[in-house]
1. Across the stretch 162-187, what is the number of residues that are in contact with a strand residue (DSSP E or B) (Cβ under 7 Å, 6 or more places away or on another chain) and not in a loop (DSSP other than H, G, I, E, B)?
2. List every residue pair whose Cβ atoms lie under 7 Å apart, where the two residues are 6 or more positions apart in sequence or sit on different chains, the first residue falls within the stretch 81-99 and is farther than 23 Å from Asn43 by Cα, and the second residue, located anywhere, is of a type in the set (Phe, Trp, Tyr).
3. I'm trying to understand the selection: among the residues of the stretch 160-179, which are closer than 16 Å to Gly220 by Cβ, crowded, with 24+ Cβ neighbours inside 10 Å and touching a Gly at 6+ places or on another chain (Cβ under 8 Å)?
4. Just checking, how many residues over the stretch 25-54 are of a type in the set (A, V, I, L, M, F, W, C) and within 14 Å of Ala78 (Cα to Cα)?
5. Leu352 passes all but one of (1) closer than 18 Å to Ala378 by Cβ; (2) surrounded by fewer than 23 Cβ atoms within 10 Å (Cβ to Cβ); (3) not β-branched (Val, Ile, Thr); which number fails?
6. With respect to the numbered conditions (1) under 24 Å from the mean Cα position of the chain (by Cα); (2) surrounded by fewer than 22 Cβ atoms within 10 Å (Cβ to Cβ); (3) touching a residue at least 24 places away in the same chain (Cβ under 8 Å); (4) farther than 23 Å from Ala363 by Cα, which one is the sole condition not fulfilled by Gly220?
7. Does the stretch 321-341 contain at least one residue that is acidic (Asp, Glu), part of a helix (DSSP H, G or I) and either in contact with a strand residue (DSSP E or B) (Cβ under 9 Å, 6 or more places away or on another chain) or in contact (Cβ under 8 Å) with a residue 40 or more places away in the chain (or both)?
8. Name the pairs: first residue in the stretch 1-12 and in contact (Cβ under 8 Å) with a residue 40 or more places away in the chain and small (Gly, Ala, Ser), second residue buried (at least 19 other Cβ atoms within 10 Å of the Cβ) and in a strand (DSSP E or B), Cβ to Cβ under 7 Å, at least 6 apart or on different chains?
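The values are calculated or read from the model by the stated rules, or taken from the named source; none is laboratory data. Because the structure is predicted, anything quoted here is derived from the model rather than measured. Here the Cβ positions follow ideal geometry from the backbone for every residue, glycine too, while neighbour counts run over all protein chains shown.
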Amino acid sequence: MDRIRIVGGNELNGSIPISGAKNAALPLMIASLLTDGTLTLDNVPHLADVEQLTRILGNHGVDYSVNGRREAQDSAYARTVNFTAKNIVDTTAPYELVSRMRASFWVIGPLVARMGEARVSLPGGCAIGTRPVNLFIDGLRALGAEIDIEQGYVNARAPRGLVGNRYVFPKVSVGATHVLMMAATLARGQTVLENAAREPEVVNLAECLNAMGARVSGAGTPTIVVDGVATLSGATHHVIPDRIETGTYAMAVAMTGGDVILEGARAELLEAALEAVEQAGAEVTRLNSGIRVRRNGAGIRPVDITTEPFPGFPTDLQAQFMGLMTRAGGRSRITETIFENRFMHVQELARLGAKITLSGQTAIVDGVERLRGAPVMATDLRASVSLVIAGLAAEGETVVNRIYHLDRGFERLEEKLSGCGAVVERLSE
């Protein structure tokens, strides 16, 4: 199993190209199930999760090509991928596939909307919380789907098609917003989704659906209105830059010091996180071509943050910010309100010398003068990169194990960091 070795102490200087957003690419790929035309997505990142979802879609009959080739394992950044679901050959998403990737459960919406039926395995447990699927099920029922759960599978049927309706999400859910928005595009009549997620990835999906011929308005606000159409067509659409990757590298520069241009980044996608980085003592300059992050000489200041749905501080940057705060000159408080059990990185950061105590859903971080390298274990995607950030500033050598988590969401991380002066290398066994 691969590991990443880091020798800390170097500033980061140079430029880092920001990849397409994983959290935008996945629902866009699933949207290909809604049409028999070809959906062409550009700026698709080369990640383990993208490859896994490609295999899952293939199980339903979706054909694909990468830059004109069937496979492109050595593709550069910003791939263009074509997805064609001309014939849906199977409306079942089996446990062995869904259990490897929770987002694959989202196929239930497009499948029942286009085919009138779907049989999708419940995704099972999750390391960072239960993430229940009741919002998906209740929402699809509101659109007229008949749903029962049997032997670990959700069976959804709408033989006469889905029907528009009003649905109020009892809590904000990005995944459920994606699914119901996709399903509603082919429903008869108008659907109104209230208390919908406002994340940029939801807006990116709505723009793609409209390019396919859907009639979606209000994305990016709490109320999304979808006027159903009979069919959707193919389209070409651009995947937005990854705001989580952007924030991660911004925090890495704030941790190590230096001066880095994050090429292609869009500041408006993560203003709350950038403001926290600025409060911590880094200088953030918003450019037409990206974002410049600098910290030269000044120490790291403690900052209190609370995770919130967009436009608040993203839960997917909580672990990285905690890594940064381990070296702050004082006490900071980090409160997690989105997912339970999302502090598993605390014990691993402690192995590097961090001083963190937990009180319910709040982590109290007392910054230390120095961290020291040690072997650590990645527990999930975002936790793993928080260990990388800490390792970049730790004295000596840090080895991060179980980095398959990193490969799910960060494209060529070691290459991007080493290109800016970090001593980072992948160790393959």
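1. 8
2. So the pair list comes out as Val98/Phe105.
3. His178
4. 5
5. (2)
6. Condition (3) is where Gly220 drops out.
7. No, the stretch 321-341 contains no residue that is acidic (Asp, Glu), part of a helix (DSSP H, G or I) and either in contact with a strand residue (DSSP E or B) (Cβ under 9 Å, 6 or more places away or on another chain) or in contact (Cβ under 8 Å) with a residue 40 or more places away in the chain (or both).
8. Gly8/Thr398
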